[in-house]
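Working notes, beginning with the structure itself.
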Amino acid sequence: MKRFSIILLPLFLVISTVNTLAQDESAYKGLSDFTRVLDLIERNYVEEVNPGKLTTGAIEGMLKTLDPYSVYLTPERYKEIEIGTTGEFGGVGMEITLENDVLTVITPIDGTPAAKAGIKPEDQIIAIDGKSTRGMTVYEAVILLRGLKGSSVRVTVKSKGTENPRQVTLIRDIIRVESVKSKLVDNHIGYIQLSQFQEKTSEELRDALLKLEAANGGKLKGIVLDLRNNPGGLLTQAVEVADEFMDRGLIVSVRGKSGTQPTEYYATKNGKLQNYPLIVIVNKGSASASEVVAEALQDSQRAPILGTKTFGKGSVQTIIRLENGSGLKLTTAKFYAPSGRSINEVGVMPDIIVENDKDRDIQLERALEVIKAYKLTEAFPKG
């Protein structure tokens with residue numbers, strides 16, 4: 001299996017060298033203004049100030065003007081990022097973002113306190129422990145939501161289509177995000193659920209296939225790939241997962257700052273799942289890296305996409321470590337589907353629109369019907 005170990009770092013290096021004389025002059029003017037204001041505050045403000053706190057606040061404010069995903073990471077926040085790719089932490093279990101400057105749930109993680117309490121994708125987090133989230137960054141919210149197992153946090157939530165917010169008390173737990181779950185369903189069909197793209201997701205996917213084949217006594221009749229409520233994760237793993245199912249064609253194009261060369265990732269013939277009939281299920285909680293996989297499989301006509309429109313996060317963030325242990329999470333590129341389309345703020349539209357039901361998994365039932373009705377050699381069904 002081809003390894004894609006470096007994606008974002010070259011983009012950052014290219015972007016960091018793009019400069020013009022006009023930009024230099026503007027930057028120096030801005031630095032001069034900043035230094036002057038900092039000096040005026042330190043010498044004239046009515047109370048003693050902490051220069052480090054002022055600088056941090058200035059950096060955070062600067063990044064806030066860019067997009068919801070570019071943030072300054074204190075050393076503590078930097079550690080949170082590292083924890084996020086290993087799959088275990090203490091908290092309530094929901095992926096959040098800023099949407100129109102409002103703290104919004106991308107998806108709750110299955111089986112966690114947030115999911116059990118009925119928190120849904122697109123719910124707005126109005127307050128945490130009585131503190132308004134207005135003006136709060138995602139990482140400030142994450143710090144408030146995470147904590148020791150057994151401790152509680154009170155979240156004020158406003159659901160889409162409702163007028164009045166509600167208060168939900170969540171008891172924190174150890175959140176273990178199991179990247180890959182699998183089982184045999186309905187007459188020898190393999191069901192594979194990817195909950196997040198972590199460091200070993202593609203490896204765990206291959207292991208799951210081997211176990212499914214062994215449990216079935218050999219080859220499967222098809223595969224249902226469930227990307228519902230998958231908030232994304234490592235783009236490298238999304239590429240490798242798509243490559244497992246595709247034997248040719250472009251998977252994703254990653255484009256940085258204007259004028260830089262896009263980086264394109266193509267499928268190989270090394271995948272283990274390329275000869276299986278396949279269908280993919282998505283919903284509003286499918287975002288980022290999961291949208292890369294869904295769009296690549298859809299555009300290549302490798303598989304039909306079933307469910308509801310996805311979240312629409314089509315940007316790439318680079319984590320840059322700074323000397324003091326802090327860092328930047330900076331949007332350095334956007335990814336584009338094989339068709340050339342960006343899904344940022346648009347999402348992936350399924351070929352087969354199916355709303356789900358709280359009492360029945362209608363989407364899975366319909367997916368099984370579809371996968372049994374077509375062969376890999378046929379164009380995948382529409383409608």
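Kindly list the number of the only condition in (1) at pLDDT below 95; (2) more than 30 Å from MET94 (Cβ to Cβ) that fails for TYR266. Answer for TYR266: the failing condition is (1). Counting just the residues of the range 301-355 that are in contact with a helix residue (DSSP H, G or I) (Cβ under 9 Å, 6 or more places away or on another chain) and of a type in the set (Asp, Glu), which one comes out surrounded by the fewest Cβ atoms within 10 Å (Cβ to Cβ)? Residue satisfying both the conditions and the ranking: GLU355. Residue selection: VAL92 satisfies the criterion of being in the same structural domain as PRO165 (by TED's automatic domain parsing), in contact with a Pro (Cβ under 8 Å, 6 or more places away or on another chain) and at pLDDT 90 or above.
Screening the range 91-193 for strands (runs of 3 or more DSSP E) wholly inside it with 1 or more residues that are touching a residue at least 60 places away in the same chain (Cβ under 8 Å) returns the ranges 94-99, 102-108, 152-158, 166-171, 173-176, 180-185. Within the range 213-222, is there a residue that is in a helix (DSSP H, G or I), under 30 Å from ARG146 (Cβ atoms) and without any contact (Cβ under 8 Å) to a residue 40 or more places away in the chain? So far as the range 213-222 goes, no, none of its residues is in a helix (DSSP H, G or I), under 30 Å from ARG146 (Cβ atoms) and without any contact (Cβ under 8 Å) to a residue 40 or more places away in the chain.
The condition (being modelled with pLDDT of 90 or more, within 18 Å of the chain's Cα centre (by Cα) and not basic (Lys, Arg)) is satisfied by just one residue among GLU291, GLU345: GLU291.
The values are calculated or read from the model by the stated rules, or taken from the named source; none is laboratory data. All values derive from a computational prediction rather than experimental measurement. Virtual Cβ from ideal backbone geometry, glycine too; neighbours counted across all protein chains shown.
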